[in-house]
Amino acid sequence: MACSPELHLMHMCALKAQGAEDEIACLSASPTVKCGNCGALSNSPENVCNPVPLD
């Protein structure tokens with residue numbers, strides 16, 4: 001699944017590439033989804049490229 005370039009800036013993989021560890025920690029403190037592409041855990045589906053519910 002492709003995401004838009006505008007939204008991708010706040011996705012976990014883009015934040016990781018920027019070294020934004022504090023933001024990543026806040027956005028993944030209570031994960032409900034993971035990215036189907038990279039496996040990043042996130043509190044919200046809006047913060048990953050391809051959200052998949054956690055089992």
Can you work out ³J(HN,Hα) from phi for every residue in segment 42-53, in order, using Karplus 6.51 cos²θ - 1.76 cosθ + 1.60 and θ = phi - 60°, giving whole Hz and x for Gly and Pro?
-> 8, 5, 9, x, 5, 9, 9, 6, 9, x, 10, x
With a Förster radius of 22 Å, plug the Cβ-Cβ distance of residue 26 and residue 6 into 1/(1 + (r/R0)^6) and report the FRET value to the nearest 0.05.
-> 0.60
Debye calc, one equal point scatterer per Cα of the chain, no solvent, log10 I(q)/I(0) at q = 0.15, 0.17 1/Å comes to -0.33, -0.43
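Each value in this text was obtained by applying a stated rule to the coordinates, not by laboratory testing. Computed from a predicted structure; not experimentally measured. Backbone-built Cβ (ideal geometry, glycine too); neighbour counts: all protein chains shown.
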